[in-house]
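Notes follow once the structure below has been shown.
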Amino acid sequence: MKKLTYIGTRDGSIQASASEAILKGICEDGGLYIPSEIPKMEKPLSELLGMRYQELAFAVLRLYLDFTDEELQACIDGAYNDKFDTEEIVPLVEKDDALFLELFHGRTLAFKDMALSILPYFMKTAAKKAGLDKEIVILAATSGDTGKAALEGFADVDGTRILVFFPEDGVSPVQRLQMTTQEGKNTCVAGILGNFDDAQSAVKHIFTDKELARELEERGFVFSSANSINIGRLVPQIVYYFWAYLQAVKKGALELGDAINFTVPTGNFGDILAGWYAKKMGLPIGKLVCASNDNKVLYDFFRTGIYDKNRAFQVTVSPSMDILVSSNLERLLAHMQGQDETRKGMASLQTEGKYSTVITERDIVGEYATEQETFSAIRSFYEKTGYVMDTHTAVAYVAYQKYKAASQDATPMVIVSTASPYKFTKDVMTAIDEKYAAGDAFLLMEELEGLSGISIPSVIRGIEKRVVLHNNVCNKNEIKAFVKAQLI
């Protein structure tokens, strides 16, 4: 089987194998790696239908990686096991007029587990193939979920260190404690006095700082990323789109070969881009609805072709989507318009905070939900069905309803449910009944357990009593100095 080459989004002459792209994380010029061509699924859907999640992952991922079958199987076996609280890994739940793809059954209760459970195995395999004898330093900026999932994946993994930066005032209480109580001799967590975009920008600059790279390489370190800018984070997410489709067929929601739609709550655009890749691989996807919260930079882009980050940053009840610079959109641009235009657009974004393009991809449509609409959706859907959505899933549900009303599209819809309601207990409970607004976020978990009928996940039960191990806080312009201080 031909192995894919990965090329840069800003310079097509930058090329790497899958292993090299995973280890580097980002191109030398600040661009991202994309496959030079999107592979087609080799097996017919009828053959995929009877597969377990692990088997489906093998069928998809082998098309993107330069690993041997034995290496890939070892990665999958290490990642998709009893780390998840359900044997099927990703349940598809039918409620009312939608199907909910529950991606939150891993140890950190968020969809990031689906990729970050396997990325450490990818890294170790790639490092071995490359004969790398240096310690890999994982840098990650997080809007809430990536941080914990990355820490969980890389904690005490030999040959690695991990440094995670999160917005000090921009995550939920549970998200904060999930990170700051993280054990592991190779872990480091810091809150920054800024927002996610500040952290993400600083981390990207560190990756392209050649002088710093040389200095640390001399000391035995090499940087890589756990954010979705790393192609090794993105490709595992393709798997669950195929899985969702096949489970929908099994449930009788559609016939094999019929189209299905997805609504995806997204800030950094990686999750929905994985769905776009699945469609290009041959999965019968009709529309991908890109759901935004009040930080609706993506909604505006897909409506106008203008990407403009020059706007007030909104701190919302769906913090994992509080992003104004959606890194993975660069990958879609490169696929749509090529490297030259992408390079110009990214330069304009850097200097002017905006760029414009002609959108030729019509299978992605933008919708958004206000905070009031998000709360209303949580309450009304619970009253109607007894099913409790988290704040991000509710954004997607509102976007789905708006899309359906505007398009009259009757194609079956999957709502990509990216987090457990227990990660955002106070906001979820306040949405259901305002009497909970003054309650303690951790005490309210018991109330949520009673309302939902779903037990408090063991991974966060009593989390408020755990010892905080990471108290670091730094200014947004001090992240580089902080990283150096941890390594030198």
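Just so you know, all these numbers are worked out from the coordinates, no wet-lab data involved. Everything numeric in this text was worked out from a predicted model, so none of it was measured. Heads up, the Cβs are rebuilt from the backbone with ideal geometry, glycines too, and the neighbour counts pull from every protein chain shown.
Annotations for the structure displayed:
- Shape category assigned to the stretch 50-175 from the gyration tensor of Cα positions, a/c cut at 1.5: oblate
- For the stretch 1-94, the normalised intensity computed at q = 0.13, 0.26 Å⁻¹ comes to -0.58, -1.26 (log10 of I(q)/I(0), Debye sum over alpha carbons, equal scatterers, no solvent).
- Calculated FRET value between GLU341 and ASN310, using beta carbons and R₀ = 22 Å, to 0.05: 0.60
- A full extension of the chain between ALA481 and GLN15 corresponds to an added length of 164.7 nm, given 0.36 nm per residue minus the alpha carbon distance.
- The listed peptides 18-28, 88-98, 349-359, ordered by packing as a protection proxy, come out as 18-28, 88-98, 349-359 (highest mean of other Cβ atoms within 10 Å first).
- Gyration tensor over alpha-carbon atoms, the stretch 395-464, equivalent ellipsoid semi-axes in Å: 30, 14, 9
- Note that the stretch 220-280 carries a Kirkwood radius of 13.2 Å, evaluated over its alpha carbons pair by pair.
- In units of the rule-of-thumb radius 2.2 N^0.38 Å, the stretch 180-326 shows an alpha carbon radius of gyration of 1.29.
- Net +/- balance of residues flanking SER46 in space, Cβ distance below 15 Å, scoring K and R +1, D and E -1: -3
- Unit Cα scatterers, Debye sum, the stretch 242-335: log10 I(q)/I(0) for q = 0.24 Å⁻¹: -1.19
- A convex hull fitted to the Cα coordinates of the stretch 361-432 yields 98 cubic angstrom per residue.
- Among 284-295, 379-390, sorting by the average number of other beta carbon atoms lying within 10 angstrom of each residue, highest first, gives 284-295, 379-390.
- Mean projected area in nm² (Cα convex hull; one quarter of hull surface) for the stretch 139-244: 7.7 nm²
- Set LYS354/LYS423; LYS124/LYS185; LYS112/LYS344; LYS287/LYS344; LYS24/LYS129 screened for pairs whose C-alpha atoms are more than 24 Å apart: LYS354/LYS423; LYS112/LYS344; LYS287/LYS344
- Low-density loop cleavage sites - trypsin sites (Lys or Arg not before Pro) in the stretch 224-262, where at most 16 other Cβ are within 10 Å (DSSP): LYS251
- Two-decimal ratio, the chain, of alpha-carbon radius of gyration to 2.2 N^0.38 Å: 0.91
- Cα centre as origin, Lys/Arg/Asp/Glu Cβ charges: the stretch 88-183 dipole, Debye: 480 debye
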